[in-house]
Each structure stands twice: as structure tokens, then as C-alpha cells.
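Comments concern the structure below.
Just so it is clear, none of the values below were taken in a lab; they were calculated from the coordinates. Keep in mind that this is a model prediction, so the values were computed, not measured. Methodologically, a virtual Cβ is constructed for each residue, glycine included, from the backbone with ideal geometry; neighbour enumeration extends over all protein chains shown.
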There are 2 protein chains.
Amino acid sequence: MLTLYYSPNACSVASHITLEEIGAPYEAKRVNFGAEQQKSPDYLALNPKARVPTLATARGILTETPAILAFLAQSFPEKKLAPLDDVFAFAELQAVNSYFCSTAHVAHAHKGRGPRWADEESSFADMKRKVPQTMTACFELIENKMLKGPWVMGESFTVADPYLFILTRWAEGDGVELSRFPRVSDHYARMQARPAVKTVLAREAAA
Amino acid sequence: MLTLYYSPNACSVASHITLEEIGAPYEAKRVNFGAEQQKSPDYLALNPKARVPTLATARGILTETPAILAFLAQSFPEKKLAPLDDVFAFAELQAVNSYFCSTAHVAHAHKGRGPRWADEESSFADMKRKVPQTMTACFELIENKMLKGPWVMGESFTVADPYLFILTRWAEGDGVELSRFPRVSDHYARMQARPAVKTVLAREAAA
């Protein structure tokens, strides 16, 4: 059985929703960041990066959202969560997920994770001030160039959709005016209506 | 035919080496960052992110190093540049490439790309001062937990190897003492000895 280690409302939401959409048995274990559980010896033995998500599989541990999402899509091909028979279309999906991970999530992280990249309080404040601008730029690109509609990759729901969902969920707190992005807003509303998304949000809120 | 848009010594080196290792016909076009060619209308039409690498294919444009590397491995399966028949092993490779992209490359970028995430000169200086520490932490993880040896994923050369090569090439300028990392240093030396690597470095130096 698959076990997902997650923190509520972290990027692990994307993997959590994907597992729920798949519908195969899995366990979701909360990592309590407030108690710094991600730095405990037990967790570091699983994931020495001290981050979420971590996916424990019968073969071993996987980390990094884009890798976990592609793994889940490939492990349950009957769920059609990625265009597995089309190398180019699969690469397009991977490019989107890589952008979400290395540009959009990184921009967001400068709001609260400044100590990853600097040491001075003045730098943290400066980084935090810029987040509305950098995240708005990300959503301009997503709205105008990436989101094919109605789902991220077009007609089919894929693993990129739960990933965009959590970025959008962060966006208002990041100072992004979502009303400027009608296609993203429509995507967000349709994601919120999915039973799997409701289940995951309720579980994470109660954890 | 595939066309790679690259900037010398940028992360596009990973895709450039992979194309050269594959040995199929391709074109490598330099994007002159000194002249801000990445912000020209022609280039933005290809890649609105104004970054490299960009890979032009018969089907359309691909961006993002992890996506391009997996695409090349899947497009030329006979070259065995990824464990394509093993979903878990492929995910492990993708997790490594995602870490290189979203953590190691991002840490490196704080040396010279501070304006992406802040506005004040004092913040840029603070970020720059921290790069030796953050990049050393990345190489500790790579040396001790990720690099299986002799190649990144073990006995077989994969698309993760050219990606580690460019990160290691940046490392000394980032203030990392490579002598502390004998396994990474050995990998770097073996990469430098490969004909494809020599060809790419010579071409990029002459461009």
C-alpha cells in the first residue's frame, strides 16, 4: 500500500488529491511541522530533505511532487491521469509541473521561507514584499500561456490539475487578485467541486 | 530535427550534452543573454518565460530541464538514458532531476539572480553571502544520499548525469569546496572525459 506523508495545505495537497482521485487504498500521515516533526530522526530517515511530500511505496521512498505525480499516473494507467502513450504530450505535462515546482512554488516560498536563502530580517521582509508581484507574474503566465482549459492540459483532467489547485489556493494569501484571472478562477471552482478535493481538504483540516 | 536554444554554461548544458550523447541530428542555437536576446519578441514567442533551455521539436516547443531530459530519454529509448521500463526507477530519476531543478539550481540562482525575488541591494548581498552554505548543503545531500555511483542512478549513465555535471561545474564559483565531496568529484572527472561533454563545452566556449 502507498503511504503519503503530508502537511496540511502544503504542496503535498497535489499528491494527496491525486491519490484520492485514483481511489486505490492508501494511507495519509500528517507530518506536524508545528512540532518540527519533519526534522525528527524517524522522518529524516525517510526523507533527508525534511520536506513533504514523501511517498512510501513497496519499492521504496519517492520525493518531489513532479516525480510523485508522474509515478502515480504511470502506476495507475487505467485512470488516464497523464497522456502516457504520447511522449510529447507527456513532456508538456511534465514541463508544466516542473514550472509549478521550480518557479511558482519557489516564488511563493519567499513569503515565509526566507531563511532558506538569506540571513537578515530586512531581506526576509524585502522578499515577502515582492511575493504579490512574482506570484501575479506566475498567474499571468498560467492564465495566458499554460492553462489550455477547461483543465490545465486541455480536455482531460491530469495530475497537473491538483498541482495548480494548491498554487491557486495559496494565491490570495500571496497577494494575487484572482479576479484578474478568470480562467484560473474557473479551474479553481471546478476543482473545489470534485469529491476527491472535498475529501482531502476535510481530512487535512481535521488532522 | 530538434533545435536546442541554450546559453553557455547555463542549465541548458544538461540538455545540450544529452543531445550530443544521443548522436541524432540536432541544431544548437545560442541565446545571447548579454544582449538580452532572451527578451526579444522572437524568443518570447518561443518561450514566454525568457529562459533557457527551449527545445523546438516537430510537435512544438518544450521547456524546463527535467521535462526535456525525460522527453529525450523517451524519444530515443535505444540509447537507454533512463529506466523507461521500470516506473519506480524512472520516478527515482525524476525525483533527482526535480531536486536539481527546484532546490539546487534555485539555491545557485540566489548568487546572481536576486532581483527575481527581492528589490534591495542589501538583500541581494545577503542572498549571495548565503550561497556557499546552501550549495554546500545541496552537495552534502547529493554526495551522501543521492549519487549512487559511479553514475547518479547507479551502474547506468542517465540524463541525471549531465544535470549533475553542470551543477558541479557551477559549484566552485558558488563557494563549494569540491575536495570535501570525493564521489561528486569522481563523477565530475568522468563526465569531463566523455567525448560528448568535450564537444559541448568546446562549442559553447566558441559561441
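Using only atoms on other chains, find how many Cβ atoms lie within 10 Å of each Cβ of peptide A:67-77 and report the average.
Values: counts 11, 4, 2, 8, 7, 2, 1, 4, 3, 0, 1.
Per-residue shielding by partner chains comes out at 4.
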Legend entry - Set of lysines with alpha-carbon distance to A:LYS198 below 25 Å, sequence-local pairs under 8 removed: A:LYS29, A:LYS79, A:LYS80, A:LYS148
Inset, instruction - Using Cα positions and a limit of under 17 Å, work out the lysines in reach of B:LYS145, with same-chain residues fewer than 8 apart set aside. - result: A:LYS39, A:LYS49
Inset, instruction - Note down the magnitude of the dipole of the range B:87-194 about its Cα centre, charges +1 on Lys and Arg C-beta and -1 on Asp and Glu C-beta and zero elsewhere, to the nearest 20 debye. - result: 140
Legend entry - Distance in nm between pseudo-label sites at A:SER122 and B:GLU155 (7 Å out along the Cβ direction from Cα): 5.7
Inset, instruction - With a cut-off of at most 16 other beta carbons within 10 Å, and DSSP calling the residue loop, which chymotrypsin sites (Phe, Trp or Tyr not before Pro) in the range B:12-115 qualify? Please list them. - result: B:PHE33
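Looking at chain B, do any whole DSSP H helices span at least 27 angstrom along their long axis by alpha carbon and average 1.6 or above on Kyte-Doolittle, and which?
Details: long enough: B:121-141 (30 Å, -0.35).
Counting only whole DSSP H runs, no helix qualifies.
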Inset, instruction - Normalise the Cα radius of gyration of the protein assembly as shown by 2.2 N^0.38 Å (N = residues in it) and let me know the number. - result: 0.93
Inset, instruction - Along Cα-to-Cβ, 7 Å out, sits the label point; list in nm, shortest first, how far the one on A:ALA35 is from those in the other copies. - result: 6.0
Legend entry - Most mobile of B:GLU140, B:GLU64, B:GLU78 in a GNM of chain B (Cα contacts under 10 Å): B:GLU78
Legend entry - Alpha-carbon radius of gyration plus Dmax, which is the widest Cα pair, for the range A:66-108 in Å: 11.2, 34
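State whether chain B is rounded, prolate or oblate according to the following rule on the C-alpha gyration tensor (a ≥ b ≥ c being the square roots of its eigenvalues): a/c under 1.5 gives rounded; otherwise a/b larger than b/c gives prolate, and the remaining case gives oblate.
Values: a/c = 1.62, a/b = 1.05, b/c = 1.54.
In terms of gyration-tensor shape, oblate.
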Legend entry - Residue (of B:HIS108, B:ALA118, B:MET191) at the positive-pole extreme of the range B:87-194, dipole from beta-carbon charges: B:MET191
Legend entry - Part-to-part distance (alpha-carbon centres) for the range A:1-52 and the range A:109-177, which is given in Å: 21
Legend entry - the range A:87-194 pair-distance distribution - Cα-Cα, 5 Å bins, rounded %: 2, 12, 23, 22, 17, 11, 7, 4, 1, 0
Legend entry - chain B: calculated mean residue ellipticity at 222 nm from DSSP helix runs of at least 4, using -39500 (n - 2.57): -15500 deg cm²/dmol
